[in-house]
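Reviewing the structure listed below.
The values are calculated or read from the model by the stated rules, or taken from the named source; none is laboratory data. The structure presented is a predicted model; accordingly, all values stated were derived computationally and were not measured. Counting neighbours? That spans all protein chains shown, and the Cβs are built from the backbone with ideal geometry, glycine included. All accessible areas refer to the heavy atoms of the entire protein, side chains included, with ligands and DNA or RNA removed. Shrake-Rupley method; radii C 1.70, N 1.55, O 1.52, S 1.80 Å.
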Amino acid sequence: MKTANPLWKFFCSVQLTIVLLLSLALTSIIGTVIPQNENPDAYLHAYGAFRYQLLDVLGVLDMYHSWWFQGLLVLLTVNIVVCSIDRLRAGWKLIFKRRPTVNPERFARRSDARTVNDKRDVETLVKAYEPLVAKRFAHCQVVQTGDSTAIYGEKGRLSRLGVYIVHLSVIFLLFGGLVGSFFGFEAFVNIPEGESIDTVRLRNTGQLHKLDFQIRCDDFSLTLYENGAPKEYRSALTLLENGKPVKKKDVIVNAPLRYRGINIFQSSYGKLPPDRMNRSVMPTPGPSDHYTLSFTSKTSGMSYHKTVQVGKPVDLPEGLGRFLLISYEAQADFRGMDVGAALKGIITPAEGQPVDVLLPLKFANFDKMRGGDVVIAVTGQPGGSNSAPPPAEARYYTGLQVTRDPGVWLVYSGFILMIAGCFVTFYLSHQQVCIVIEKQNKSSRVILAGTTNRNKLAMQNGIDKMFTAMTNA
């Protein structure tokens, strides 16, 4: 059925589908080449101030949440819906008509029709052949047309809906992605042992997000290999509502806690600074003439300790480059989060561009997130003293990733529908067969023919077997 509405014609255009798919593919390549949601300092070093601002305005640095990328998904969804409706209207009667209209001449004129003469009359042949058709086809009917009688069989009519099931699955996938993008979030939080939180920090914006419940870390346990590498870290978590526990679970990597659509993953851990371990009030560390830093090579695993001073670069072993300590800040900021007192420096690899380094004094493993060839940590105490702090019982914090994606069930449903639609589309077919019996002088002329929308070779084999059964009936 055609429509004169230009807007309808625009959205049911196959050319629009091709343009949208190519646009999504191209932008996805760009989103893969340009790292997403990185530290602004990394973008400034890589692209410069002007290009960084341009990419930020265009939404390329957080492309999959940008308005234009989501707009492409919405357009593709509308395009698929309109195309499906437009094509389904044309085949509606063929698929859903209760008793199909039979045209025996259409089958009798086929070039692959099989013909045989039989001495029996029409009524006898109908009684002999009708059970053969009814046995192989779900729908069977006898139609009288003029001087001939037709036995019509049909099955798999609904298999024509396979392509529309695939279209519906794509709509579910796109809609699920949009719902997750608009109403979901991804955040992180660090919780010391024995403490509770009810707010998390959003990964993309750095803003605080309040939860409807509290997360308490009852205990944190760390298991190490013989070489000192972490084998397993486990957090005993309790969820609280109005101060009452509602759920408890030990969370490890790849075994999250799920509650009311929110997923809590184990992602990291670290030792608390001395003031938190001893639970005593200590003065905030101030600036110093020099600091002792450890430099751990990711390649060899070796750690090297060096005393550094502000403004004086030091060469690193193993050809790891040079490090320059720039300043001390009493209240440093990382992606909108206050990390307390910290050192700021620049590491220049042997081959590569200089990289800014932030070293919070409270978080010894903070620099691991940078992902460089060397991990830097502050080991000496400020104030001119490089001696280690007095020993204290180790106390940890657990790093958790907190996510919510309300569109995930739409995505799962879309995958299930896609599998079902592909199975119906590729493995099932709409088959029609017709036996036309024409009365002659003292005999009858029998014509057998069949059609299918796919897998024609299998249909021809079925017709051959049926014709053999007819000659023996």
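Applying the set (1) modelled with pLDDT of 90 or more; (2) open to solvent by less than 60 Å² (accessible area, probe 1.4 Å) to Gly48 leaves exactly one unmet item: (1). Pairs are defined by a Cβ separation below 6 Å, a sequence spacing of at least 6 or placement on different chains, a first member in the range 176-191 that is open to solvent by less than 20 Å² (accessible area, probe 1.4 Å), and a second member that is aliphatic (A, V, I, L, M) and not in a helix (DSSP H, G or I); the pairs so defined are Ala187/Val200; Ala187/Leu202; Ala187/Val402; Val189/Ile197; Val189/Val200; Val189/Leu400; Ile191/Ile197. Counted as qualifying within the range 1-113 are the helices (runs of 4 or more DSSP H) with 2 or more residues that are among the charged types (D, E, K, R), namely 40-58, 67-90, 104-108.
When the residues of the range 14-36 are filtered to those that are without any contact (Cβ under 8 Å) to a residue 12 or more places away in the chain and farther than 24 Å from Gly352 by Cα, the one that is nearest to the chain's Cα centre (by Cα) is Ser28. Within the range 208-242, the only residue that satisfies the criterion of being farther than 16 Å from Val253 by Cβ, in a strand (DSSP E or B) and free of Cβ contacts under 8 Å to residues at least 12 places away in the same chain is Leu208. Among the conditions (1) open to solvent by 70 Å² or more (accessible area, probe 1.4 Å); (2) part of a loop (DSSP other than H, G, I, E, B), Pro131 misses just one, which is (2).
The residues listed here are Val74, Val57; of these, the one that is open to solvent by 30 Å² or more (accessible area, probe 1.4 Å), within 23 Å of the chain's Cα centre (by Cα), at pLDDT 85 or above and assigned by the TED database to the domain that holds Phe11 is Val74. Candidates in the range 203-259 are the residues that are among the hydroxyl-bearing types (Ser, Thr, Tyr) and more than 28 Å from the chain's Cα centre (by Cα); of these, the one that is modelled with the highest pLDDT is Thr238.
For Asn39, the conditions (1) exposed (fewer than 13 other Cβ atoms within 10 Å of the Cβ); (2) more than 22 Å from Thr77 (Cβ to Cβ); (3) touching a residue at least 40 places away in the same chain (Cβ under 8 Å) are fulfilled apart from (1).
Each residue in the range 340-374 was checked for being open to solvent by 20 Å² or more (accessible area, probe 1.4 Å) and either free of Cβ contacts under 8 Å to residues at least 40 places away in the same chain or not acidic (Asp, Glu) (or both), and 21 pass.
Among the residues that make up the range 138-153, is at least one of them outside the structural domain of Arg260 (by the TED database), of a type in the set (D, E, K, R) and surrounded by 15 or more Cβ atoms within 10 Å (Cβ to Cβ)? Checking the range 138-153: not a single residue is outside the structural domain of Arg260 (by the TED database), of a type in the set (D, E, K, R) and surrounded by 15 or more Cβ atoms within 10 Å (Cβ to Cβ). Filter the range 229-249 for residues that are over 30 Å from Ser303 (Cα atoms) and touching a Ser or Thr at 6+ places or on another chain (Cβ under 7 Å); which is surrounded by the most Cβ atoms within 10 Å (Cβ to Cβ)? Taking the candidates together, the pick is Leu240. Within the range 449-458, being assigned to a helix (DSSP H, G or I) and either of a type in the set (A, V, I, L, M, F, W, C) or open to solvent by less than 20 Å² (accessible area, probe 1.4 Å) (or both) holds for Leu457, Ala458. Residues that are open to solvent by less than 30 Å² (accessible area, probe 1.4 Å) and out of contact with any strand residue (DSSP E or B) (no Cβ under 6 Å at 6 or more places or on another chain) within the range 415-448 comprise Gly421, Val424, Thr425, His430, listed in sequence order. Only residues that are part of a strand (DSSP E or B) and over 23 Å from Ser429 (Cβ atoms) were counted across the range 114-128, and they come to 4. Looking at Ala377, Ala392, Ala420, which is the one that is modelled with pLDDT under 90, of a type in the set (A, V, I, L, M) and either within 39 Å of the chain's Cα centre (by Cα) or part of a helix (DSSP H, G or I) (or both)? After applying the criteria, what remains is Ala377.
From the list Thr124, Thr205, Thr101, the lone residue that is of a type in the set (S, T, N, Q) and either touching a residue at least 24 places away in the same chain (Cβ under 8 Å) or closer than 30 Å to Asn242 by Cβ (or both) is Thr205. Only residues that are part of a loop (DSSP other than H, G, I, E, B) and at pLDDT 90 or above were counted in the range 262-303, giving 0. Looking at Gly162, Gly156, Gly146, can you tell me which residue is of a type in the set (Gly, Ala, Ser) and at negative phi? After applying the criteria, what remains is Gly162.
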